[in-house]
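Okay, structure first, notes after.
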Amino acid sequence: MSLKYVPYSLELKEPFGTAHGTRTHTDGMVVAIESDGLTGYGEVFMPPYYSENQESMALYFDSVDVSKLLRTESLADRLAYVRSLGPRDYGAKAALDIALHDLDGKRIEEPVATRYSTDERRTSYSTSFTIGVDTVSTMVRKAREAKGFKSLKIKLDGKQDIRVIEAIKEVTDQELLVDANQGWSDLDEALETAHRLIDLGVGLIEQPFKQGEHEKVGALAARCAVPVVADEDIQTIEDIDRLAAFYDGINVKLMKAGGIKPAVKMISRAREKGLKVLIGCMTESSIGISAAAQVAHLADWLDLDGNLLIKNDTCTAVQTVDGYLVLSEAPGIGITDDSNLIRIFN
Ligand SMILES: [Mg+2]
């Protein structure tokens, strides 16, 4: 068995703006775990406002004792070992969790989805498409170009929110979800904005206030007719226990949670607490998106479009057709063509 990792930078097709700022690329790592002639692939890509970078990722991967992974064939034991290495490094852990799931699925010749579903396997799910913060006219142009999607996730910056949604509403009837990325500050202003956005048909508000401003979130959620969903505020299962009372739902991402298995655990805890679940993503390639798509059946909403926003995808796996994610029949996370990955590792 061997573990390899390669630094990789995902280049965005267009600059991507959120209330955190604008970026043109996201740095991370692609990993490959090889065993008995099979290769499982994983990846980690974290935006700069989380405290992981290529150096911390390399340190984490170097801390892995591959002989310990080899000692057992049990996926659960391998994942437990990965999680036991240090308290944080969620993105780096996600990369290994995804690669180990992929490897195990290839070994038993089953898609990962079958491990987490008791029902007959569904292979197609509606996903929203994300529009980053930009000028109003550019955001309207992008909304027009995304006509094939049933819903749009619009990033807000707290400055032009109502103007943006009014303008987009003029060109589309698609469902609109909004993500403030912590960009709202004053509660009364936020309430006013939220009510106007809801009048315009917005169906979900994500992470309105800064991390930790729970009282404000609770006050907003109590007076909004649409779900208010946590993203940056909730990274782990402990965060769910702490914050469930303030939110209506959570955005679960493999990169935040530490991979597929911790994400599934978070979703089941969220359900116990009566929360809605959105499965989202960072700027990721088709590795991360296809891994998340394996548990798409557990969500109320999907926002799995990271691979559509980049120029240099790592592989071919899940496809997006007319706004629907279509899972492949391939085992593991569903990679159907890894020729580019083979080049990346050589
Ligand atoms: Mg978000």
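Computed from the coordinates by the stated procedures, all read-outs in this text should not be read as laboratory data. Since we're looking at a predicted model, the values are computed, not measured. With ideal geometry, Cβ positions are generated from the backbone for all residues, glycine too; neighbour counts draw on all protein chains shown.
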Using the Cβ atoms and a cut-off under 13 Å, what net charge is assigned to the surroundings of Arg144, where Lys and Arg are +1 and Asp and Glu are -1? +1
Listed residues Ala180, Thr336, Thr314: farthest to the positive end of the dipole of the chain (Cβ charges): Thr336
Residues of the stretch 13-32 with amide N under 20 Å of the 7 Å Cα→Cβ point at Lys159: 14-25
Under the 7 Å Cα-to-Cβ spin-label approximation, Arg121 and Glu73 lie apart by a distance in nanometres of 2.0 nm
According to the square roots a ≥ b ≥ c of the eigenvalues of the Cα gyration tensor, what is the shape class of the stretch 116-342, taking rounded for a/c under 1.5, prolate for a/b larger than b/c otherwise, and oblate for the remainder? oblate
Nearest-20 debye value, the chain charge dipole, Cβ charges on Lys, Arg, Asp, Glu: 180 debye
Met1-Glu14 pseudo-label distance in nm [points 7 Å out on the Cα-to-Cβ vector]: 4.4 nm
Report the residues of the stretch 81-115 in range of a label on His297: point 7 Å along Cα→C-beta, backbone N strictly under 15 Å from it. 110-115
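List every DSSP H helix in the chain whose Cα atoms extend 15 Å or more along the helix's own long axis and whose mean Kyte-Doolittle hydropathy is at least 1.6.
none
Fully extended, how many nm does the chain gain between Glu109 and Ala167 (0.36 nm per residue separation, minus their Cα-Cα distance)?
Values: separation 58, 0.36 × 58 = 20.88 nm, distance 4.83 nm.
That works out to 16.1 nm of additional length.
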Between Thr135 and Val66, what is the label-point separation in nm under the 7 Å Cα-to-beta-carbon projection? 5.2 nm
Burial ranking of peptide ranges 82-88, 276-282, 36-42, 106-112 (average Cβ count within 10 Å, highest at the top): 276-282, 36-42, 106-112, 82-88
Hey, what do the phi angles of the stretch 298-303 turn into as Karplus ³J(HN,Hα) couplings, whole Hz, using 6.51/-1.76/1.60 and θ = phi - 60°, x for Gly and Pro? 8, 9, 8, 9, 10, 10
Give the peptides 92-105, 238-251, 47-60 in descending order of average Cβ contacts within 10 Å, highest first. 92-105, 238-251, 47-60
Working out 0.36 nm times the residue gap between Arg271 and Arg242, then minus their Cα-Cα distance, what length gain in nm do you get to one decimal? 9.0 nm
Nearest-20 debye value, the stretch 2-110 charge dipole, Cβ charges on Lys, Arg, Asp, Glu: 220 debye
So for Thr130, Thr320, fewest C-beta neighbours within 10 Å to most, what's the order? Thr320, Thr130
